[in-house]
Amino acid sequence: MEDNDILCDKSLHIRTTGRDDSESDLTNFPYEPTPYKVLERLVESNYIEKKNNLLDFGCGKGRVDFYLAYYLKCHTIGIELSKILYDRAISNKENAISGNRCEFINSNAKDYIIKDNIDRFYFFNPFSLDILKIVIKRIEESYKRNKRNIILFFYYPSKQYISYLDNKKNIKLIDTIKTGDLFILNDNREKILVYEIKE
């Protein structure tokens, strides 16, 4: 019997399975794709619609982008530091059934200037807290230029991420999407924390 993630990949005409830590270091963490059953929960949460533009930090081979673009018809942008993983995402885009709604950028997240129409942001522990702080500052700057409803999703968040976000006055936790029941082990980090940018 084939693994569910492999079957989902096949249905989307992409290849995104497998962890890759060949280019990871103390600031940029290994690629590990979000399980499809977790993405299904995110889709069911109704926080993302066709009108939204989602930015996926540390997108790897593009799984989050292709899945959400297919099921929600939203536009997605994947930022990936690794040239190897970026090339995999581009290769996937050529065959993916939702490839026309996805774009990928080979860049360091801290160097990327947030476009003022992006209103959804996805993080699966892609980098260190220091880089997250730079990224959040860029999101805040974009919000000031164009005030809009901005939602941030943090899957399997680290304690450092949570502590930092909880102390940000203009970022408020609005929901917790529980995903622990999808797995055998009882893991407290198994969830998606949903935050909103406030005035």
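Any read-out appearing in this document is the output of simple, stated calculations on the displayed coordinates, not a laboratory observation. Since this is a predicted model, take the numbers as computed values, not measurements. Methodologically, a virtual Cβ is constructed for each residue, glycine included, from the backbone with ideal geometry; neighbour enumeration extends over all protein chains shown.
General remarks:
- Taking 118, 6, 184 and counting other C-beta atoms within 10 Å, the order from fewest to most: 184, 6, 118
- When 151, 174 are sorted by how many other C-beta atoms sit within 10 angstrom of their C-beta, beginning with the fewest, the order is 174, 151.
- Computed [θ] at 222 nm, helices only, for the chain once each DSSP H run of length n ≥ 4 contributes -39500 (n - 2.57): -10000 deg cm²/dmol
- Here, the chain has an Rg and a Dmax of 15.7, 51 Å when only alpha carbons are counted.
- By average C-beta atoms within 10 angstrom, highest first, the peptides 120-127, 106-113, 63-70, 85-92: 63-70, 120-127, 85-92, 106-113
- Counting only residues at least eight positions apart within a chain, or on another chain, the aspartates and glutamates with an alpha carbon under 12 Å from that of residue 10 are 2.
- Euclidean distance between Cα centres, the stretch 143-172 to the stretch 38-69, Å: 17 Å
- Taking other Cβ atoms within 10 Å as a rough exposure proxy, 34, 17 sort from fewest to most as 17, 34.
- Computed from the alpha carbon positions, the gyration tensor of the stretch 36-151 leads to an equivalent ellipsoid with semi-axes of 21, 18, 13 Å, biggest first.
- Cut-off 14 Å between beta-carbons: net charge of the residues surrounding residue 120, Lys and Arg +1, Asp and Glu -1: -1
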